[in-house]
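Below you'll find the structure, written out as structure tokens, and then a few comments.
The values are calculated or read from the model by the stated rules, or taken from the named source; none is laboratory data. A quick note: this is a predicted structure, and the numbers were derived from the prediction, not measured. All Cβ positions, glycine included, derive from the backbone under ideal geometry; neighbour counts span all protein chains shown. When the accessible area is computed, the model is the full protein with side chains, heavy atoms only, and any ligands, DNA or RNA have been set aside. Shrake-Rupley method; radii C 1.70, N 1.55, O 1.52, S 1.80 Å.
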Amino acid sequence: MTSWTLAREAFDSVSASSLRRDYYDEVASRYWKRPATSGEIDRGLAGDGVELLTPPTGQFVVGHYGEEPAACGGILMLDAERAELTRVYIRPAFRGKNGASLLLELLEEEARSLGACQMVLNTRLDLIEARALYVRHGYAEIPAYCTGPYMEIWYSKDLGSAR
């Protein structure tokens, strides 16, 4: 039986880079209502701040389903107690196999290990599946904690005491 393996991984590893590219392609294509071009994906990934997703400012994780890189996500510490969930992505072929739940659990644990007791995130209204995932996992809508062109709804979850 095939299973998930999730672990910390450098954001610029081959698997992480491929997953980040697919993530950006999907969210940009949905936003523009047309396929993103390779150049648009390159420009979107350039200078996106992913280098902050390393301790002590954050963490990046990759999930494999069997041998296949299938999921990724990161956390960014916003301050001593709040972490932001970012770049959560499951490749379409691997959705519905419990990877998203496992990914969120690991990212929340990583946030706690960096001192966070609250996780926040922002997303777009059209990313209905992502929004449903967050609500299923205890995230509640909150007022905006940041602003930007692709931010339309914000969520938070209490992570309990940091370790």
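Tabulated data for the structure shown
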read-out: Separation of alpha-carbon centers, region 38-69 and region 108-163, rounded to whole Å; value: 18 Å
read-out: Ranked by how many other beta carbons lie within 10 Å on average, peptides 72-84, 127-139 from highest; value: 72-84, 127-139
read-out: Accessible area per residue in Å² at 1.4 Å probe, computed on region 1-125; value: 48 Å²
read-out: Kyte-Doolittle mean at least 0.0 and Cα axial length at least 15 Å: DSSP H helices in the chain; value: 99-113
read-out: Table column - 3J(HN,Hα) (Hz), region 84-91, Karplus curve with 6.51, -1.76, 1.60, x for Gly and Pro; value: 9, 7, 8, 6, 6, 8, 10, 4
read-out: Among Thr123, Thr54, Thr147, residue whose mean-square fluctuation peaks in a GNM of the chain (springs only between Cα atoms under 10 Å); value: Thr147
read-out: Per-residue SASA entry for Ser18, accessible area with 1.4 Å probe, Å² rounded to 10; value: 50 Å²
read-out: Summed residue charge, Cβ within 12 Å of Glu141's Cβ, Lys/Arg positive, Asp/Glu negative; value: +1
read-out: Percent carbon-and-sulfur accessible area, the chain, ignoring ligands, DNA and RNA, probe 1.4 Å; value: 54 percent
read-out: Fully extended contour minus Cα-Cα distance, from Thr2 to Tyr150, at 0.36 nm per residue; value: 49.7 nm
read-out: Mean separation of Cα contacts under 8 Å, 6 or more apart, over the residue count of the chain: relative contact order %; value: 19 percent
read-out: Difference of contour (0.36 nm per residue) and Cα-Cα distance, Glu109 to Lys97; value: 2.3 nm
read-out: Net +/- balance of residues flanking Glu26 in space, Cβ distance below 13 Å, scoring K and R +1, D and E -1; value: +4
read-out: Exposure ranking of Lys33, Lys157 by accessible area [1.4 Å probe, largest first]; value: Lys33, Lys157
read-out: Surface accessible to a 1.4 Å probe, Arg30 within the full protein complex, Å²; value: 80 Å²
read-out: Listed values (1) 2, 9, 18, 22, 19, 14, 9, 5, 2, 0, 0; (2) 2, 8, 16, 16, 14, 12, 11, 8, 5, 3, 2, 2, 1, 1, 0, 0; (3) 2, 9, 18, 22, 23, 17, 7, 2, 0, entry calculated as P(r) over Cα pairs in 5 Å bins from 0, in percent; value: (3)
read-out: Potential extension, Val14-Leu125 segment - 0.36 nm per residue separation minus Cα distance; value: 36.9 nm
read-out: Length-normalised contact order for region 1-91 - Cα pairs under 8 Å, 6+ apart - percent; value: 32 percent
